[in-house]
Amino acid sequence: MSRRSGMVRAAWNGTVIAESDDTVVVEGNHYFPRSSITAGSLLDSSTRSLCPWKGVARYHSVQVDGVVAVDAAWYYPHPSPFARRMKGRVAFWNGVVVETVPPSRDHR
C-alpha cells in the first residue's frame, strides 16, 4: 500500500468522475478520496465481497448521462487495521478508465 503523488483521474462514458493528487495504491488499484468524486456519479448497490486482509467491500454502480456501469466502484467502510489507509476512499474497475494525468509543462 502506497500513497501516490501526481494527478490521477477516473472516467466513465467519456466523463471524468474523480480526480485527485492524493490516491492510495493497493494491489495496483488507485483509491480516491470520496471528496474527489463527482456528486451524483455513484449509485448504491447491495453487492458485497470479502477480502481476507482488507475486510468486507461494498460496491457502487457508476452513472454518467444515464449510462450505468454496474458495481464498477468499491470501498471498504470498515477496513481491517492492515488496510486502514483505504478508509473513506473508493476504487474503480469494470470499464471505468483510471489513468495518471501527465504533468503540464510550462513552455516559456
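The values are calculated or read from the model by the stated rules, or taken from the named source; none is laboratory data. All values derive from a computational prediction rather than experimental measurement. So basically every Cβ, Gly included, is an ideal-geometry build from the backbone, and we count neighbours across all protein chains shown.
Scanning segment 36-60 for residues that are under 15 Å from PHE92 (Cα atoms) and polar (S, T, N, Q) turns up SER36, THR38, SER41, SER45, THR47, SER49. Restricting SER61, SER49, SER35 to those that are outside any strand (DSSP E or B) and either of a type outside the set (Asp, Glu) or modelled with pLDDT of 95 or more (or both) reduces the list to SER35. Taking the criterion of being within 14 Å of the chain's Cα centre (by Cα) and not in a strand (DSSP E or B), the residues of segment 2-32 that qualify are MET7, ASP21, ASP22, GLU27, GLY28. Residues that are of a type outside the set (A, V, I, L, M) and crowded, with 18+ Cβ neighbours inside 10 Å within segment 72-89 comprise TRP74, TYR75, TYR76, PRO79, ARG89, listed in sequence order. The single condition from (1) within 15 Å of the chain's Cα centre (by Cα); (2) of a type in the set (D, E, K, R); (3) at negative phi that ASP71 fails is (3).
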